[in-house]
1. Can you tell me which residue within the stretch 312-332, out of those that are more than 31 Å from the chain's Cα centre (by Cα) and over 16 Å from R364 (Cβ atoms), is surrounded by the most Cβ atoms within 10 Å (Cβ to Cβ)?
2. In this structure, is S480 touching a residue at least 40 places away in the same chain (Cβ under 8 Å), hydroxyl-bearing (S, T, Y) and touching an Asp or Glu at 6+ places or on another chain (Cβ under 9 Å)?
3. Do we find that T368 is over 30 Å from R291 (Cβ atoms) and hydroxyl-bearing (S, T, Y) in this structure?
4. Would you mind stating whether G298 is small (G, A, S), out of contact with any His (no Cβ under 9 Å at 6 or more places or on another chain) and over 23 Å from S409 (Cα atoms)?
5. Got a number for residues in the stretch 243-270 being over 21 Å from H104 (Cβ atoms) and touching a strand residue (DSSP E or B) at 6+ places or on another chain (Cβ under 6 Å)?
6. Filter the stretch 1-26 for residues that are crowded, with 21+ Cβ neighbours inside 10 Å and of a type outside the set (A, V, I, L, M, F, W, C) and give the result.
7. List every residue pair whose Cβ atoms lie under 6 Å apart, where the two residues are 6 or more positions apart in sequence or sit on different chains, the first residue falls within the stretch 118-140 and is β-branched (V, I, T), and the second residue, located anywhere, is in a loop (DSSP other than H, G, I, E, B) and surrounded by 17 or more Cβ atoms within 10 Å (Cβ to Cβ).
Amino acid sequence: MSVHILAVDTETTGLDAYHGNSPFIVTFASNQEDQQDIWSWRVNPLTREVKVPKLEAKEVIRKIEKADILVFQNAKFDIRMIDNLPVKCNWDWSKIHDISISAHLLGSAQNKDLTTQALRWINTNLDPYEKAVKEATDKARRICRTKLFKEEKGEWDIAKDDHPKLPSGGGWKADMWLLEEIAIRAPEFLPEWRDPSTFQVWDPKRDDPKDHPWFSIAEYYALPDSDATLLIFQEHQRRLESLGLLKIYEKRRELLRLVSKIESTGVIVNRFRRDELVDAYVPEVEKCIKRCIGLSEGRLDKVPIQGVSNALRDTVFDHFGLESPKKTPTGNPSLDKEVLDHFLLELRPNSAAHVFIKSLKDFRKRMTAINYMKGYEKFWLPYDEENGDFILHPSLNMTGTTTLRWSSSNPNEQNISKQEGFNLRYAFGPPKEHFWASIDYENLELRIPAYESGEEELIALFERSNDPPFYGSNHLLNFSTIYPDLWDPLLEKYGPENVASEVKKRYKSTWYQRCKNGGFAIQYGSVITENKVSTADKAFGRIGAHQTLKDKFAQLDKLNQSCIEMAQKTGFVHTIPDKEVDPEKGYPLECKRTRWGKVKPTIPLNYHVQGTACWVIMIAMLMVDDYLKTINRKRKGKSQFAIVMQIHDELVIQGPLIDGYEDILKEVSKIMSSVGSRIGIPLRVGCDVHLNNWASGKELSI
């Protein structure tokens, strides 16, 4: 008997499953049945609650559990929504496939939405279906806002951006259910419709509302999605097999269960500590505004929260006479973060222009932080209100970038700042009687190219990370090479043991910051032009700095050039192969070409290194989760250990404060370090334990 493949798709009352949104349509497409299945349920227009008969929910779940393979376009979203039905499903994650994962693997720079995939892989245009239902839903929403309310039919609860059940925002897709409800409850408001084949006009006084397309147009839109998902999945599997990528796909697929579990566990944010940060930032914002307005000498009467006003441009470029090193897409001088950092390095400290630019940057940072913190309240749900604790369930997207780096939204947990003076992590932390542990890889994206290229001096740097004068810092090694006129006098005066701290103290925001910027520019493909000047030279503030380091670290430069050559030839770079998944193949990462058909030289090594680092953290997550499951099985019915966040090279573990929890964290740290053996790169991790908030903690000796 052939394997039964079932593609599943849902249409929902909103994006936020944890805030009460549910599916009102579920469709199936099967490789064993000619006809698709569809379940459609009515929505209470006053409460947005979906009325799902229990017997029908049972039938949906029975069909799901019976299939051999389940295919989704966004598995964890549809699964979480189906979990809101009145009958729970016993999900077998080994059966679940997601075409977003396979699409990323087959071309990571391509859009992974269903419409684009259908065009690319099965030559099917889903646009007409979406346009038809969008046009109808927009009309239905207008009817609700005008005629229905005026006729006292009750204020129907249509989607709005400030709706408490829709913190991710309203939109027409959240209101597709309106079409059927108007056809049933208020058919007198149905718009005229002419059948394009017979030219017969639908008349509300004469004709049955069930003959109007609004009665079934949402189903007409929903059905093609599951059918397309099934066909795309089958095509993806053929392509993956022909390219020898099925092993990598299967390993990535293991993440689905874990990502869904992390979202479900959620993260704790404390209202009191959040308010404390906001209260501290507001007067600082006011000081920055006052300082900027005063220094503008009448040119500014306010500082724009977003974007750049004409008055701000006039102040920066005319009043202070500064020149931006880059342009906006519209051709105006840019004033983005990169430009402000450039000005701060170039300007004399404490000059009027320097103080203005620093105040502008501080204003933007604090306003961004305040907006983030206020935004958390839109999404949080009660957890321990007496203690001020609320819970967030951010949406995690493991295919959200062109590399393997994750993105997240609603809210975005990837940008919870830990910068000095802007540490939003203070608002987050463990619930009562629990801990958080931040375990992160040390210099992961510097170690990978150093060991892979065989650059002996850099390898020695990491092997002797506790030894003076560099203490494992690549930036300090570069500093001593590029700025001997600054380094040598300090080395002579303070000695090898103290020169590093003195450099960081004296040149933290000037030459040391320049050195860090220049180093990253070289690592990610800065090009030396015909006049022997590169973007790295500009960052270092020293002409010839790039060539000096290029000569010094010739093996690293060779790795960079090989990545560039591969990308120019094939359009892809690959991560370092994982010996336990496929020792011959790494994950292919597509490098976008410019309109002239070339790959930017700054991209290939960046993607190769970042992609490899992300593969490392992915394997670490799977291994750590397996280990924590063995711990949790012994604690049945008690508080569990869990991964609650993955932020770039860092895992955040939550667990109960029990005897021996530190030993568990030491074992987790060993597991994470061991991943390096799979790619041939020795890795180290550090661990900080947080008992109150994520911003402060104690280092755990590993």
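The values are calculated or read from the model by the stated rules, or taken from the named source; none is laboratory data. Small disclaimer: the values here were computed from a predicted structure and weren't measured. In this analysis, Cβ positions are derived from the backbone assuming ideal geometry, glycine residues included, and neighbour counts consider all displayed protein chains.
1. Among those that are more than 31 Å from the chain's Cα centre (by Cα) and over 16 Å from R364 (Cβ atoms), it is L322.
2. no
3. So T368 fails the test.
4. yes
5. Looking only at that region, the number is 6.
6. The answer is D9, T10, E11, T12, T13, G14, D16, N21, S22, P23.
7. T137/M176
One line per residue, one yes/no per condition, for (1) in contact with a Phe, Trp or Tyr (Cβ under 6 Å, 6 or more places away or on another chain); (2) closer than 30 Å to V668 by Cβ; (3) surrounded by fewer than 20 Cβ atoms within 10 Å (Cβ to Cβ):
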| position | (1), (2), (3) |
| --- | --- |
| F435 | no, yes, no |
| L446 | no, yes, no |
| P449 | no, yes, no |
| A460 | no, yes, yes |
| F470 | no, yes, no |
| N478 | no, no, no |
| L491 | no, no, yes |
| V499 | no, no, no |
